[in-house]
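The values are calculated or read from the model by the stated rules, or taken from the named source; none is laboratory data. In this text, all values refer to a predicted model and were calculated from it rather than measured experimentally. Here Cβ is always computed from backbone atoms with ideal geometry, including for glycine, and neighbour counts include all displayed protein chains. Just the protein is used for accessible areas: all its heavy atoms, side chains included, with ligands, DNA and RNA removed. Shrake-Rupley method; radii C 1.70, N 1.55, O 1.52, S 1.80 Å.
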Amino acid sequence: MARIRVLVVDDHRIFAESLAAALAAEPDVDVSAAGSGPAALRALERAAAEGRGYDVLLVDAELGARTGGGELPAVPAPRPEEPAAVDGIALVAGVRAARPAVRSVVLAEKDDPRAAARALQAGASGWVAKDCSLQRLLSVIRGVLRDETHLPPALLTGVLRELTAARKHRSESERLVESLTPREREVLRCMVAGLGRKAVAERLFLSPHTVRTHMQNVLGKLGVHSTLAAVALARRAGVGPVGSEAGPSGRDVVERGGQLAQ
């Protein structure tokens, strides 16, 4: 019998332990639990190195947002290359990019079309209510392994509306990006990579003054007033970072006074 390896990722102790115990009672399911995003990433890495990677992640939609009692015990501090905190949607996106064979299912306490649409865009294969039956959850787990996408019927209309709106925004963002000159698009890709003005100048062999002018032109043509807004629009349009120089350890873009940090 082929066994399904499941990793439950939830920072609520009682729910995580109860769900893991219920799944472990199934003859074809092996299950483990992680109490945070970084702990889940370490578990995935460990399992892959041992040649027994996970098949399905069950990820709490509110991962990292819960405070107070009931959380799983604190995990060891993450290594320098790991984020200090990873929310549920970010974890889904990261796993989808790094381990595309792993299927993710988001477990939610309430129906939320916008969050469900974000989860699907991040790479989730399913959105399931936390209070669904065990048989329903097992059906979803087995279904996503057949490349099915599972949504509650009540969410379908709202999710389709959100995805349609997202496509509309993407189309508008793509139109604005296309209005840039080739050099301005290069500068925008550097901005997406998190490079400051000096680093952009060095990379493109331009003076800092010229780079500043290009950046101002980019903001003007995109109709935004800050670097972070330009980066967000670029990402919606599918603009990727230049090269792999996204700053030390791929850090997030940091903005100070409307300019990228140097």
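Below is a table of values for the structure above.
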read-out	value
Leading residue by the ranking (modelled with the highest pLDDT) among those in the range 68-122 that are among the basic types (Lys, Arg) and not in a loop (DSSP other than H, G, I, E, B)	Arg103
Filtered residues of the range 139-169 (kept if at pLDDT below 90, open to solvent by less than 100 Å² (accessible area, probe 1.4 Å) and farther than 13 Å from Ala124 by Cβ)	Pro152, Ala154, Leu156, Thr157, Gly158, Leu160, Glu162, Thr164, Ala165, Ala166
Hey, Ala34 buried (at least 22 other Cβ atoms within 10 Å of the Cβ) and touching a helix residue (DSSP H, G or I) at 6+ places or on another chain (Cβ under 7 Å) or not	yes
Every residue from the range 84-97 that is surrounded by fewer than 20 Cβ atoms within 10 Å (Cβ to Cβ) and either closer than 14 Å to Asp11 by Cβ or touching a helix residue (DSSP H, G or I) at 6+ places or on another chain (Cβ under 8 Å) (or both)	Ala84, Ala85, Asp87, Ala90, Ala93, Gly94, Arg96
Selected residue (criterion: surrounded by the most Cβ atoms within 10 Å (Cβ to Cβ)) from residues of the range 98-119 that are aliphatic (A, V, I, L, M) and within 28 Å of Gly51 (Cα to Cα)	Val106
